[in-house]
Amino acid sequence: MSVNKLNHTYRKRLQNRPWRDEEWELANAGISNEWIIPMNDLIIDTDTPLGRGSFGMVYKGCILRLSTPASQQLSVIDSNGIVRESTTNSKCFASGGGSTGLEVAVKTLFPASTMDDIREFYNEASFMKQLNCKYIVQFLGIALRQPSTHPVIIMEYMAFGDLATYLRQQMSKDDCPQGSIDIQLAINWAIQLATGMNYLTELHIIHRDLAARNCLVNSMLTVKIAGMLLQRK
């Protein structure tokens with residue numbers, strides 16, 4: 001039997017077999033309960049994929065309430081750097097009346113993920129929860145679906161996606177044939193990215209691939225650094 005076939009067989013068995021308690025505890029190590037978001041408060045829209053990450057698909061979703069430490073950090077910043085809304089004193093985003101809740105990005109694991117994949121997934125969450133900068137995409141929490149299924153990471157939702165795609169879309173518009181943008185907006189973006197990178201530098205963290213494709217744009221046209229390629233010096 002070839003190595004590739006053995007690997008496929010192993011992953012298939014791993015996907016179908018019940019998890020052992022000790023494996024679940026090992027995977028869950030390093031994430032305290034205060035960062036766990038109840039699945040009852042999370043809605044995942046699997047019909048709206050936002051992209052494909054290194055661990056699995058990323059979907060749009062929403063949460064009805066947020067009580068993790070991120071509730072004291074998350075705020076909506078407009079393109080001029082002004083805080084327009086903060087969740088510090090408002091952790092409940094929806095009620096029984098049918099409100100849609102707070103939009104989020106939900107990072108999932110591929111169904112055939114191994115325990116090594118899951119450990120790396122948790123390591124990313126453990127790393128991202130330490131960051132608190134308004135110009136770095138905010139980690140909100142992690143939802144443990146069931147011991148027999150994979151966890152999901154909840155991140156701040158950035159409505160316009162990555163900066164590279166946003167700029168290309170602007171170039172295609174009839175009223176913007178040269179792809180120009182407002183000079184003040186460009187200056188604001190430069191300040192926002194410089195502020196985020198300075199924050200990382202102070203923590204002795206290196207971003208290994210800072211590029212427009214790895215910067216995300218929210219609905220207020222604020223640009224934030226995505227942290228998937230961060231490492232400590």
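General observations
- Per the listing 187, 191, the residue uniquely more than 28 Å from residue 102 (Cα to Cα) and either assigned to a helix (DSSP H, G or I) or modelled with pLDDT of 95 or more (or both) is 187.
- Condition check for residue 161: of a type outside the set (Asp, Glu) and either at pLDDT 80 or above or over 18 Å from residue 224 (Cα atoms) (or both): yes
- Residue that is modelled with the lowest pLDDT, among those in segment 14-46 that are of a type in the set (Asp, Glu) and more than 16 Å from residue 152 (Cβ to Cβ): 22
- Segment 177-218, residues that are under 19 Å from residue 131 (Cβ atoms) and among the polar types (S, T, N, Q): 192, 195, 198, 201, 214, 218
- Some residue of segment 166-178 being in contact with a strand residue (DSSP E or B) (Cβ under 9 Å, 6 or more places away or on another chain) and at pLDDT 95 or above: no
- Considering residues of segment 101-123 that are of a type in the set (D, E, K, R) and part of a helix (DSSP H, G or I) only, the residue surrounded by the fewest Cβ atoms within 10 Å (Cβ to Cβ): 116
- Residue 89 falls short of the stated requirement of being at pLDDT below 80, touching a helix residue (DSSP H, G or I) at 6+ places or on another chain (Cβ under 7 Å) and of a type outside the set (Asp, Glu).
- Within segment 53-69, the residues that satisfy the criterion of being touching a helix residue (DSSP H, G or I) at 6+ places or on another chain (Cβ under 6 Å) and free of Cβ contacts under 8 Å to residues at least 60 places away in the same chain are 64, 65.
- Looking only at segment 176-225, and only at residues there that are basic (Lys, Arg) and over 11 Å from residue 136 (Cβ atoms), the one that is nearest to the chain's Cα centre (by Cα): 213
The values are calculated or read from the model by the stated rules, or taken from the named source; none is laboratory data. Everything numeric here is computed off the predicted structure, so don't read it as measured data. Cβ: placed from backbone, ideal geometry, glycine included. Neighbour counts: every protein chain shown.
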